[in-house]
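In what follows, a structure is listed as structure tokens, so that the remarks can point back to it.
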Amino acid sequence: MTAAINPRSYWYDLAKSYSALGSPLKPCPEDIAAMEMPTFELAARNGHERVRALLLGVTPAIAEMRLPEGSSLLAVDTSVAMAQAVWPGDIPDRRWAVCGNWLDLPLRQGSCHLVFGDGSLNCLRYPGDFRSVAETISHVLSDHGVFVLRCYVRPDKREAPEDIFTEALSGRIPSFHHFKFRLLMAMQPSAGQGVAVKEVYDLWAKRNLERQLMNCHAGWMKKDVDTIQLYHESYTVHTFPTLAEWREVLSEFFDEVSVSTPKYDTGDRCPTLVMRPRRIRCLAGPA
Ligand SMILES: C[S@@+](CC[C@H](N)C(=O)[O-])C[C@H]1O[C@@H](n2cnc3c(N)ncnc32)[C@H](O)[C@@H]1O
């Protein structure tokens, strides 16, 4: 990667604090197991063909997960800073990262057997960008390929931000990451609008509850709470569709094979979907 690093970008700041993030904002072993299973199933179906995989982002736990013998993994991410900070390194003929935009993937049609993503589409706008990336992925996947995506899903009934503060003050939210994750979803007016992370920061600053929250949560760590600073003066917008909204767009391009819902706190909002590209087959003969 040779592009210059933009020192003011949100992803540059995230790169610096990635190690302070925790589940559910990055995948835990349970999520990785849900990604490995369809991978080995696909390899078994493919016989001796070597598996070619694409990763949307540079998630290190996915880069390092078990893949069938002879597989290769290409990671595509717009942020050089993220790649430099978290990518566990290229391995010739096996694993490498390139700088690129998922909205303009530099890959041939049918060139991948697997595409992985961890919260990747939640970085984009709904429904337009979701649709563009879903369509592109369905093209780059081979006919029997599989798209494995951990999605961040807003519950059908939106929580009120104040209820989350009240629950946090009663000591019932396991980590600041869970708290922040729920607050993001609660503050999103609609999937189409997404949620501006700056608004989450502004509410946090206005409520000024850090000391009180730290007192009632033995398990909350200062370094985790400090990750809210990433949202200060950032124009980044995240998107949290409901499961029905996710399916509305994904089903245009994919058939859903399975959904696995992790058991951890807020796991119902982080399902891993396994999907196959939907191919339109022309069954009509000549008129
Ligand atoms: C995959 S997402 C979510 C993070 C994920 N949960 C993890 O633990 O790695 C974050 C990454 O997406 C990248 N990104 C966001 N929008 C992108 C786009 N349109 N094309 C390529 N990369 C993008 C960012 O640079 C960042 O590295």
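The values are calculated or read from the model by the stated rules, or taken from the named source; none is laboratory data. A quick note: this is a predicted structure, and the numbers were derived from the prediction, not measured. When we count neighbours, we look across all protein chains shown, and the Cβ atoms used for this are built from the backbone with ideal geometry, even at glycine. We work out accessible area using only protein heavy atoms, side chains counted, and drop any ligands, DNA or RNA first. Shrake-Rupley method; radii C 1.70, N 1.55, O 1.52, S 1.80 Å.
Please list Ser260, Ser71 in order of solvent-accessible area, largest first, computed with a 1.4 Å probe with all protein chains present.
These residues rank, largest area first, as Ser260, Ser71.
Enumerate the amide H contacts of Leu55 below 5 Å, restricted to partners 5 or more residues apart or on another chain; note that Pro and chain-start residues carry no placed amide H.
Those qualifying (amide H under 5 Å, at least 5 residues apart or on another chain) are Leu74, Ala75, Val76, Phe116.
Just going by the charge dipole of segment 10-84, with Lys and Arg at +1 and Asp and Glu at -1 on Cβ, which of Thr59, Ala20, Val76 is farthest out on the positive end?
Going by the charge dipole, the pick is Val76.
Could you give the size of the charge dipole of the chain about its Cα centre, using +1 on the Cβ of each K and R and -1 on the Cβ of each D and E, expressed in debye and rounded to the nearest 20?
Its charge dipole is roughly 80 debye.
Semi-axes of the equivalent ellipsoid for segment 52-150, please: Cα gyration tensor eigenvalues, times 5, square-rooted, ordered largest first, whole Å.
20, 17, 11
What do you get when you divide the Cα radius of gyration of segment 161-238 by 2.2 N^0.38 Å, with N the number of residues?
Dividing the Cα radius of gyration by 2.2 N^0.38 Å gives 1.05.
Across all directions of projection, what mean area in square nanometres is found for the Cα convex hull of segment 1-126?
Quarter of the Cα hull surface area: 8.5 nm².
Which three numbers, in whole Å and largest first, are the semi-axes of the equivalent ellipsoid of the chain derived from its Cα gyration tensor as √(5λ)?
Over the Cα atoms of the chain, the ellipsoid semi-axes are 34, 21, 18 Å.
Taking segment 171-244, which trypsin sites (Lys or Arg not before Pro) meet the DSSP loop condition and have no more than 16 other C-beta atoms within 10 Å?
Qualifying residues, ordered by number: Arg172.
Could you sort Trp96, Trp246 by accessible area so the largest value comes first, with the probe set to 1.4 Å?
Largest accessible area first, the list is Trp96, Trp246.
Counting pairs of alpha carbon atoms under 8 Å apart in space and at least six apart in sequence, what relative contact order in percent does the chain give?
Once normalised by length, the contact order is 21 percent.
Note the per residue figure in Å³ for the convex hull of the C-alpha positions in segment 121-178.
129 Å³
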